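See structure below.
Just so it is clear, none of the values below were taken in a lab; they were calculated from the coordinates. Model, not experiment: these values are computed from the prediction. With ideal geometry, Cβ positions are generated from the backbone for all residues, glycine too; neighbour counts draw on all protein chains shown.
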């Protein structure tokens, strides 16, 4: 009965703003399922994203398929990893196998990689479920998120303002409850600036802490991959 009451409360909208740490506990205790979690976020993306344009690509079928696998593992008491069943978004400059990656550029508007970046591979191995790709300025160059492929990403607190950059789509998604965790990258503030604009938390790890592979600019180790979330605890969990 207690679980049923809790489920009803979550269905009223609370779920999309729960910390990832709390979602993880509820999934492991079978209070909610990964499928319910993913469906809730997909529904909210469908409702809110047209207003703020945080996601440029959403992959509902792949996300639900991964969620069903995660749910089966929970029910069969299989291996459960640290991010098992937790949704995550990936910045649109990070390679994702089978998911369009445009770098915010018309040059790569229809580019679909055949491999994951190492950070994506590790997130998947940890059990995270990719909801889609978040918007970025062209080639992640700029402190405001807009490009000729997908347009402007707006600040969820006030759509008349921008969300910062270059991980502006990631920050807007987190702040608007379109996912608990987001991947981004940072050279001169690309995680920290949009996090501050949108009232969330972004961490630029020390170079090498999160390997950038593949990296065509191997001579430049200073553009680093990093996490974004609404709480310090969730940030640490993702890192």
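Observations
- Acute angle (nearest 10 degrees) that the helix 34-52 long axis makes with the longest principal axis of the chain, alpha-carbon atoms: 40 degrees
- Peptides 35-48, 71-84 ordered by packing proxy, namely the average of other Cβ atoms within 10 Å per residue, highest first: 35-48, 71-84.
- When each of the peptides 152-160, 50-58 is scored by the mean number of other C-beta atoms lying within 10 Å of its residues, the order from highest to lowest reads 50-58, 152-160.
- Evaluated at q = 0.08, 0.10, 0.11 Å⁻¹, the base-10 log of the normalised Debye intensity for the chain, with identical point scatterers placed on the Cα atoms, takes the values -0.26, -0.41, -0.50.
- Spacing of the modelled spin labels on residue 69 and residue 114, each 7 Å from Cα toward Cβ, amounts to 2.0 nm.
- Rounded to 10°, Cα long-axis angle of helix 2-11 versus longest principal axis of the chain: 30 degrees
- Relative to the longest principal axis of the Cα atoms of the chain, the long axis of helix 60-75 lies at roughly 40 degrees.
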